Amino acid sequence: MARTVLALLLVVVLAYLIAQTIWLLWYGPQDALPGSDLRRVAVNGGAQQSAALSSSQVQRWGLFGAYQAEPQAEQRPVDAPETRLSLELLGLFQTRDRGKSSAIIAERGGDAQLYHIGDGIPGNATLEEIYPDRVILKRQGRFETLRLNEVKGLAGGVTQVTEPEPRSPAPSPETDLAQQRTALIRQLGLQPVSEGGTEGYKIGDRAPKQLIEQVGLQPGDVVASVNGYPLGSEESDLAALQSYMESQSAVIVVQRGEQEFTVNYPP
């Protein structure tokens, strides 16, 4: 008898559990969902509501990072129409260091002057760029080209002194200075001298007159030292040239006949 009653109870309990399981599967739990900190945002394309997203809000979130424009390379003028200014380009001193390049420019019939990039040029112009055969001027907001006067250069005027184009591998700074030293000796017609206790270089007759007169020299003068470096040996010559390239100025000791004097360049 007891076993029969126990079996009936188990059947009733099992039936109840099955019924509860079916109820849960069909209707789901009756407990309320847990609370959420998320705010519902209404998006309605037809009506403007205060809760709608704006483009400024999206930008402030920075989902895609901050926009940064790529830096653009400095554009330098390469060529321009010929200038109408009454100027002559008599010589060029071009180096790979743009700030140390210079040009010798003269008004027609006037004295030549040495100019660096950024200097003012007669005719209310500015020297903008220096190339092996020309310079670029800027006048009234426009670029103009002034080309090298090769006729006067061949006739004994100022000639062109430039550094060679870099090759692979690139030459060392010592090689650059040595090449410039060789070019200057050739172009200025310098002759090594060692006489009467004076050593240095004698300025030759074919030296460009406008250039040496601007410095205060003349053919036949002996340049003994520059910035305290005695001239005559390659090592000392290179040290003097390096000193000038760095300072863009020179204190030149000159022997003219029996007289010795000092010349400052620029004056």
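The values are calculated or read from the model by the stated rules, or taken from the named source; none is laboratory data. Treat the numbers as computed from the prediction; the structure is a model and nothing was measured. Here the Cβ positions follow ideal geometry from the backbone for every residue, glycine too, while neighbour counts run over all protein chains shown.
Remarks
- Applying the criterion of being assigned to a helix (DSSP H, G or I) and surrounded by 13 or more Cβ atoms within 10 Å (Cβ to Cβ) to the residues of region 242-267, the residue that is modelled with the lowest pLDDT is Met245.
- Counting only residues that are under 19 Å from Leu211 (Cβ atoms), touching an Asp or Glu at 6+ places or on another chain (Cβ under 6 Å) and assigned to a strand (DSSP E or B), region 105-139 holds 2 of them.
- Qualifying positions in region 82-96 - surrounded by 10 or more Cβ atoms within 10 Å (Cβ to Cβ) and either farther than 30 Å from Gln248 by Cβ or at pLDDT below 75 (or both): Gln94, Thr95, Arg96
- Residue match in region 163-185 (condition: surrounded by 12 or more Cβ atoms within 10 Å (Cβ to Cβ), more than 19 Å from Glu234 (Cα to Cα) and modelled with pLDDT under 60): yes
- Among the conditions (1) touching a residue at least 12 places away in the same chain (Cβ under 8 Å); (2) closer than 18 Å to Glu195 by Cα, the only one that Gln218 does not satisfy is (2).
- Qualifying residue in region 223-241 (condition: under 22 Å from Gln179 (Cβ atoms), in a helix (DSSP H, G or I), aliphatic (A, V, I, L, M) and in contact (Cβ under 8 Å) with a residue 24 or more places away in the chain): yes
- Any hit, region 120-127, residues being touching a Ser or Thr at 6+ places or on another chain (Cβ under 6 Å) and surrounded by 18 or more Cβ atoms within 10 Å (Cβ to Cβ): no
- Qualifying residue in region 63-81 (condition: at pLDDT 60 or above, not small (Gly, Ala, Ser) and not in a loop (DSSP other than H, G, I, E, B)): no
- From Gly216, Gly197, Gly204, Gly228, residue being surrounded by fewer than 18 Cβ atoms within 10 Å (Cβ to Cβ) and at pLDDT below 75: Gly197
- Enumeration of residues in region 210-222 that are among the aliphatic types (A, V, I, L, M) and assigned to a loop (DSSP other than H, G, I, E, B): Leu217
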